[in-house]
Amino acid sequence: MNTATELRNRLRSIDHKGYPAYKDLKGQYQFGDYVLSIDHVQGDPFAAPSRLSVRVEKSKAGFPAAYYDTPAKRITLQDHLTRLFGRWAAGGSFQAKGSGKSGLLSVSRCGQQVLERTALRVKDGDIILRFEAGFPANGRTINARELEKMLFEILPDCVRKSLYYVKIDQEKLRQAICLCEDQQSIRESLRERKLCAFIADGSVLPRESGVSERPMKNAVPFRSPESLRITLKLPNRGDVTGMGIPMGITLFVGGGYHGKSTILQALQNGVYNHIAGDGRELVITDASAFKLRAEDGRSVTGVDISPFIKNLPNRKDTTHFSTEDASGSTSQAANLMEALESGSSLILIDEDTSATNFMVRDSLMAQVITPGEEPITPFISRVRGMYEDLGVSSIIVAGSSGAFFHVADTIIQMKEYVPIDITQKAKAAADAYEGRHRESDTKQASSPSAGDSLRTGGNASEAVFPDFNRKRCPGPDMTLRKDDRIKLKAMGTSELSISKEAVELRYLEQLKDQEQSMALAYLLKYVELRMLDGRKDLRQIGDLLEDQLDRSGLESLFERGEVSAQLARPRKQEILACINRYRKLKL
Ligand code: ADP
Ligand code: MG
């Protein structure tokens, strides 16, 4: 370990030299109460900035152990400190001057969700912060005085104001930790009370705009219908009321523009904790929930979609279904079967993004097209069995079809953004409707009786969920294993690439952050190089990875060399979804 004085001397000795002389600074320096590590030095002032890290020991950082004694609290603490450092760094950025990125000081930018990131890790009370700095130059000539200003004045100030407990706003941090405890307490209550989601009264669900995740101003606050209102006793806030959505099948109906998709989006994001002021802090959903949608064009490798699709015209095997270019309905069926494989116990569906022929078939169509000719058993015929036999609940937005009234346990109408429990009314209407149509229905049922679930107009729901093939054991993609310079890239949350092979992520709506996409790229590489062996199935791979990430974090994906500072942890659902979208997955 070098001293800070040594760094100062080195800096002074390379002043006015050519930019590459900065490379000599790589190393670790003891700065009084923290260690600064210069991990990677940029090649020129216009290249990606240099990568640095700071380590503050527990005794110096001084955060209460109760703030990191559970994973959720530790992640909240990390998130809070990253934001704090980010704010101070933004203020200190570009105070040192020069060409290109000279003077830049930055750390991962955190959005509305609280995510685990490699930017900052609390490990047994020690803090490891990873960030970027633009080493200053005039043209391509080193300006060491400016870097000295950055590393000896600006940075120490930012570090002190964000990583030392005695220096920060302790009340703000305490509130963040308390919120986390309350959120975790709701998550635990969900299971105990057999709920799949909770939305607190007063929550603000809509967002500012299609491109901003911030809360809408002057929105109609959420208010639970009386019949679904429950009270939860939270450790810090005390009693909180809100809507508990029971396990089973829940339907949201209502006219267009009344807030159906908005509530579903809030639910799909409820797998994450949100920061205070977001409006969705107390919207908590089963953490394994998966937003199911159609995704035509995706590739599918060896998925058993036979519970939904059989007898395709080209006699394609649907128990091991593969395609380079799935249709709306086959993609949605594959997405669902993969979600089951990933262990999701809640499926969220919006009619706006579903393939109609996957969801329902009306009785008139079922009369004209006999089951033998129709390869699809619609979701509506399976949704009951999925819950009864597999324990997987569904929340479905369906504004245009009353077909789901029969199978739903809970029916909620959205009316001017206010939910109303119409279960009784809708069930009664459905029964009356059924009575009027019974005659024609019986006629139908007696004629085409092929198929296990097509008894009443293709929408029957009594059938058990058919057995399906749960084991897919991919082998490695050998071309990737032979590639010794694998390049990884992420384009927002819409796509990643691994050795130039693109993987589409844009329809994984629960992927929230570009750093999660980047982590998926690293995870895909890790899985391909280290885990796929033709024996472990994807469910096992998902569980093994989850275990490893729980124990040792994303840092464990890096064996040698330096950990990427710009990764955020995705859920198991997104990890497996990403592997499933890799077009070179070998089965
Ligand atoms: P639907 O899916 O029923 O057609 P959306 O959920 O898309 O309706 O909502 C329609 C519009 O209403 C959106 O622009 C949304 O931002 C807005 N909106 C949703 N909920 C609220 C609310 N609680 N308060 C104010 N505006 C809302
Ligand atoms: Mg909608």
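The table below gives the values:
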{"read-out": "Candidate set: the stretch 357-374, residues that are more than 16 Å from ligand 1 (Cβ to nearest atom) and in a helix (DSSP H, G or I); chosen: the one surrounded by the fewest Cβ atoms within 10 Å (Cβ to Cβ)", "value": "VAL368"}
{"read-out": "Of all residues in the stretch 525-548 being in a loop (DSSP other than H, G, I, E, B) and either of a type in the set (Val, Ile, Thr) or within 15 Å of LYS584 (Cα to Cα) (or both), the one that is least open to solvent (accessible area, probe 1.4 Å)", "value": "LEU532"}
{"read-out": "Selection from the stretch 387-417 of residues that are more than 16 Å from ligand 2 (Cβ to nearest atom) and open to solvent by 50 Å² or more (accessible area, probe 1.4 Å)", "value": "TYR387, GLU388, ASP389, LEU390, HIS406, ASP409"}
{"read-out": "Odd one out for GLY302 among (1) within 16 Å of ligand 1 (Cβ to nearest atom); (2) touching a His at 6+ places or on another chain (Cβ under 6 Å)", "value": "(1)"}
{"read-out": "Residues that are on the phi < 0 side of the Ramachandran plot, open to solvent by 10 Å² or more (accessible area, probe 1.4 Å) and assigned to a loop (DSSP other than H, G, I, E, B), drawn from the stretch 82-107", "value": "SER93, GLN95, LYS97, SER99, LYS101, LEU104, VAL107"}
{"read-out": "Pair list, Cβ < 6 Å and 6+ apart or interchain, from the stretch 309-322 residues that are more than 17 Å from PRO378 (Cα to Cα) to residues that are open to solvent by less than 80 Å² (accessible area, probe 1.4 Å) and assigned to a loop (DSSP other than H, G, I, E, B)", "value": "PHE321/ILE305"}
{"read-out": "Selected residue (criterion: farthest from ligand 2 (Cβ to nearest atom)) from residues of the stretch 218-277 that are among the small types (Gly, Ala, Ser) and either in contact with an Asp or Glu (Cβ under 7 Å, 6 or more places away or on another chain) or without any contact (Cβ under 8 Å) to a residue 24 or more places away in the chain (or both)", "value": "GLY238"}
{"read-out": "Per-region count, the stretch 239-269, residues assigned to a strand (DSSP E or B) and more than 9 Å from ligand 1 (Cβ to nearest atom)", "value": "12"}
{"read-out": "Residue within the stretch 572-582 that is polar (S, T, N, Q) and either in contact with a Ser or Thr (Cβ under 6 Å, 6 or more places away or on another chain) or in a loop (DSSP other than H, G, I, E, B) (or both) present", "value": "yes"}
{"read-out": "Subset of the stretch 284-309 [touching a Gly at 6+ places or on another chain (Cβ under 7 Å), hydrophobic (A, V, I, L, M, F, W, C) and outside any loop (DSSP other than H, G, I, E, B)]", "value": "ILE284"}
{"read-out": "Options LEU336, LEU340, LEU312; residue that is assigned to a helix (DSSP H, G or I) and surrounded by fewer than 23 Cβ atoms within 10 Å (Cβ to Cβ)", "value": "LEU340"}
{"read-out": "Every pair of residues 6+ apart whose Cβ atoms lie under 7 Å, when the first sits in the stretch 391-420 and is touching a residue at least 24 places away in the same chain (Cβ under 8 Å) and polar (S, T, N, Q) while the second is part of a helix (DSSP H, G or I) and within 14 Å of ligand 2 (Cβ to nearest atom)", "value": "SER400/GLU351"}
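Rundown of residues vs (1) at pLDDT 95 or above; (2) assigned to a helix (DSSP H, G or I); (3) out of contact with any Gly (no Cβ under 9 Å at 6 or more places or on another chain), yes/no style:
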site	(1), (2), (3)
LEU115	yes, no, yes
MET150	yes, yes, no
ILE154	yes, yes, no
PHE198	yes, no, no
ASN218	yes, no, yes
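The values are calculated or read from the model by the stated rules, or taken from the named source; none is laboratory data. Just so it is clear, the structure is predicted and the values come from calculations on it, not from any experiment. Glycine gets a Cβ as well: all are built from the backbone with ideal geometry, and neighbour counts include every protein chain shown. Accessible surface is based on the protein model in full, side chains and every heavy atom, while ligands, DNA and RNA are left aside. Shrake-Rupley method; radii C 1.70, N 1.55, O 1.52, S 1.80 Å.
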